[in-house]
Amino acid sequence: MRKFPNAFVILLGVILLSWVFTYLIPQGSYERIVDAETGMIRVVSDSYTQIDSSSPSFLDFLVSIPKGIAERAELIVLILLIGGSFYLIEKTETFNHSLVKLVSSLKGREDFALLTVAILFITGGVTIGLQEEVVAMTPILLLFGKSLGYNSFTMIFASYGSSVVGSSFSPSNPFGVLLAQKEAALPLLSGSSFRLVVLLGASLAWILYLLYYAKKHRIEKIQMPTHNKTMGGRNKAILLLLGLTFSIVIIGIVQFDWGFSEMSACFFALGILSGLIAKMGWNKTGETYIEGMKEMVFACIILGLANSISILLTQGMIMDTIVKVLFGPLQGFSPAVSGVLMMISHVLLHFPVPSYSGQAILTLPILVPLSDLVGLSRQICVLAFQYGAIMGDMIVPTNGALMAVIAIAKIPYNTWFKFAIKPTLLILLIGAIAIVAAVFLGYH
C-alpha cells in the first residue's frame with residue numbers, strides 16, 4: 001500500500017489545485033469601501049459583479065509559496081523561538097525532573113491530569129483564541145501524555161482540540177466573536193450569557209468524549225528516568241522563570257494588546273536565561289537554541305504554505321465568487337434552516353480560507369444584510385460564523401496549525417481526519433441545536 005502524502009505534499013497539492021481553479025471558476029468581485037470611522041475595509045452587500053481579469057500565471061503560482069511564508073513571518077518567528085526555548089529547557093533536564101515528580105504525584109489520577117489539560121486549553125481558546133501557540137508546546141505535551149499512558153491522538157485532542165472548541169464557542173475570543181460582532185455592528189461582548197451556556201454544554205460533551213476515547217485507547221506508560229529525581233535549585237529557577245514568562249505573556253495579550261513579536265521576545269529571553277541559569281555558557285546555549293529552532297522548521301513551512309492558498313484565490317479574483325455560491329442560496333429557507341446552513345457553509349469556506357479572522361472580514365459584511373432579509377438576527381449570524389469557521393480548524397488540511405501539530409506527532413492527515421471527524425461532527429451538531437434554539441428564543 002502506498003504511503004499517504006504528508007502535510008507538505010498535501011498543501012502543495014491544494015495550492016496547485018487552487019491555481020487551476022482560478023482558470024475554471026468565474027471571476028467576480030464585491031465592491032469594497034473604507035469605513036470612515038474605523039478605517040476598516042467593508043464589503044458592500046449585493047454589489048457582486050462578474051469581471052474579466054487575467055488569472056495568475058505559473059510564475060504567480062510559484063511566487064505565492066514564498067509570499068505565503070513571508071506573510072506569516074511573525075507567527076513563524078514566534079514558533080521558532082518558543083520551540084528553541086522549550087528544546088533548550090528540555091536539554092537542561094528540567095522537564096524530565098519535573099515530569100518524573102508530576103507523573104509520580106498523578107499516579108492513579110491520570111484522568112484528572114487529562115481533564116486539567118483539556119480545561120486549561122479550553123480556557124486558552126476562550127480568552128485569547130489560543131491555537132498556533134500549541135504547535136511549539138506539542139513535543140512536551142506528547143511526552144507528558146506518554147508518561148501517563150495516553151497516545152498522541154489523546155494529547156492532541158486534549159490540547160489543540162480543546163483550544164479549538166474554546167475558541168469556537170467563546171463569548172470573548174478577540175479574533176473570532178469580537179471581530180465578527182464588530183463587523184456585524186453589534187456591541188462587543190453582547191449576547192454573552194447565551195454563548196456561555198452553549199460553551200459549557202459543548203465543553204462538557206468534548207471532555208466526556210475525550211475521557212471515553214482515552215480510556216479505550218490507553219498505551220503502555222513510558223517510564224521516565226528515575227535517577228536524580230530531586231530537582232536542583234537551577235531546575236526550580238528555570239521552572240519559576242517559565243511560569244513567570246507565561247504570566248507576563250498572558251497579561252501582555254489581555255491588557256496591552258500584545259502581538260506575536262512581543263510574545264516572541266519574551267520566549268527568546270526565557271530560552272537564553274534558562275541556558276545561562278543551567279550553566280551551559282553562551283556558546284552551548286546558542287547552539288542548543290538553534291537546534292531547537294531546527295526542530296520546528298517543518299511546522300513553520302506548513303503554516304506558510306497554508307497561507308499561499310488564500311493568496312492565489314484572491315489574486316485570481318474567485319474568492320468572492322466562492323462566497324456568493326456558498327451563501328447566496330440561503331435566502332430561500334426559513335431563519336432556523338438558514339442559520340444551520342450558514343454554519344455548514346462556513347465550514348466549507350474554511351477550506352480555502354484557513355484564517356477564521358480573515359473569513360469574518362470577508363463574509364460578515366455580505367452575510368449581515370442577508371441575515372436581515374431572511375429574518376435571522378445578527379447575533380445568530382455571528383454564532384453561525386464562529387461555530388462553523390472555527391470548528392473547521394479541527395479537520396481542514398489547509399489550516400497550518402493543525403497540519404503542523406500532526407506533523408510533529410507524525411500522524412498522517414487521513415488518519416487524523418478519521419479520528420477527528422466524529423467529535424467534530426458532534427460539536428457541530430451542538431452548534432446547530434444552539435442556532436435553532438436561538439432562533440426560537442428570539443436571541444438578539
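No lab work stands behind these numbers, since they all come straight from the coordinates. From a predicted model like this one, the values you see are computed outputs, not experimental measurements. For neighbour counting, all protein chains shown are included, and Cβ atoms are generated from backbone atoms with ideal geometry for every residue, glycine included.
Grab the beta carbon distance between SER172 and LEU62, set R0 = 35 Å, and tell me the FRET efficiency rounded to 0.05.
Details: r = 41 Å, r/R0 = 1.16.
Efficiency computed from Cβ-Cβ geometry: 0.30.
Please pull out the direction-averaged projected area of the chain, using the convex hull of its alpha-carbon atoms, in nm² to one decimal place.
Working: hull surface 92.0 nm².
If I average the Cα hull's projected area over directions, I get 23.0 nm².
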Exposed trypsin sites (Lys or Arg not before Pro) absent - longest run of the chain, DSSP non-H/G/I/E/B, at most 13 other C-beta within 10 Å: 280-409
Calculate one ³J(HN,Hα) per residue across segment 137-145 by plugging θ = phi - 60° into the Karplus curve 6.51 cos²θ - 1.76 cosθ + 1.60, and present them in order as whole Hz with x for glycine and proline. 7, 4, x, 5, 4, 5, 5, 4, x
Cα Rg over Rh - segment 166-205, Kirkwood: 0.99
What order do you get for SER371, SER193, SER147 when you list them from fewest to most C-beta neighbours inside 10 Å? SER193, SER147, SER371
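How large is the dipole of segment 268-394 about the Cα centre if only Lys and Arg carry +1 and Asp and Glu carry -1, each at its Cβ, rounded to the nearest 20 debye?
Numbers: 5 positive and 6 negative charges, 25 e Å.
Dipole magnitude for segment 268-394 comes out near 120 debye.
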Contour minus Cα-Cα distance for ARG234 and LEU12 (0.36 nm per residue): 75.4 nm
Length gained when the stretch ASP46-ILE248 is fully extended (0.36 nm per residue, less Cα-Cα span): 68.1 nm
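With r defined as the distance between the Cβ atoms of PHE417 and ALA265 and R0 fixed at 60 Å, what FRET efficiency is calculated, to the nearest 0.05?
On the way: r = 36 Å, r/R0 = 0.61.
The formula returns an efficiency of 0.95 here.
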Please order ILE156, ILE65, ILE433 by the number of other Cβ within 10 Å, starting at the fewest. ILE433, ILE65, ILE156
Explain nothing, just the number: dipole magnitude of the chain about its Cα centre with +1 on each Lys and Arg Cβ and -1 on each Asp and Glu Cβ, in debye rounded to the nearest 20. 1780 debye
Of all the stretches in the chain, which is the longest one without any exposed loop site, taking GluC sites (Glu not before Pro) in a DSSP loop (any state but H, G, I, E, B) with at most 15 other Cβ atoms within 10 Å? 221-444
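Against the empirical 2.2 N^0.38 Å scaling, what ratio does the C-alpha Rg of segment 347-400 come to? Could you put the intermediate results ahead of the total?
Numbers: Rg = 11.4 Å, N = 54, 2.2 N^0.38 = 10.0 Å.
Cα-based Rg divided by the globular estimate yields 1.14.
Suppose we look only past 16 Å in the calculated P(r) of segment 269-342. What percent of the Cα-Cα pairs does that tail hold? Provide the component values of the computation, followed by the final result.
Values: 1912 of 2701 pairs.
Within segment 269-342, distances greater than 16 Å cover 71 percent of Cα pairs.
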For LYS221 and VAL325, what is the calculated FRET efficiency with R₀ set at 60 Å and r taken between the beta-carbons, to the nearest 0.05? 0.75
